[in-house]
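Okay, structure first, notes after.
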Amino acid sequence: MCKCFECEMLIDDEPIAVVVYKSSSPFSDDIISFCDGFKCLYNGVESLNVSDLSKGRCRLRGE
């Protein structure tokens, strides 16, 4: 069970970069868009899926 929503270290409207088109040339940039996602201020993990945040260090688990 993910306890992130009970934690004050959660940001739930973090803009997460998502690659829309991967460039095949080293001279051009990938095309990206930003989607609202989640960020843990304790371990620095950003994800579109909140359950991915607790895979690292966790304040609530005491790690």
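The values are calculated or read from the model by the stated rules, or taken from the named source; none is laboratory data. Please read all numbers here as calculations on a predicted model, not as lab measurements. Don't worry about glycine lacking a Cβ; one is built from the backbone with ideal geometry, like all the others, and counts go over all protein chains shown. All accessible areas refer to the heavy atoms of the entire protein, side chains included, with ligands and DNA or RNA removed. Shrake-Rupley method; radii C 1.70, N 1.55, O 1.52, S 1.80 Å.
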Label-to-label distance, nm, for residues given as residue 22 and residue 47 (7 Å Cα→Cβ offset): 2.1
Taking the C-alpha atoms of the chain, convex hull volume expressed per residue in Å³: 95
Debye, to nearest 20: dipole size of the chain, +1 on Lys, Arg Cβ, -1 on Asp, Glu Cβ: 320
Residue-normalised accessible area of the chain, given per residue in Å² at a 1.4 Å probe: 74
Within the accessible area of the chain (1.4 Å probe), percent carbon and sulfur: 55
Cut-off 11 Å between beta-carbons: net charge of the residues surrounding residue 17, Lys and Arg +1, Asp and Glu -1: -3
Sites residue 60 and residue 36 - FRET efficiency at Förster radius 30 Å, r taken between beta-carbons, to 0.05: 0.85
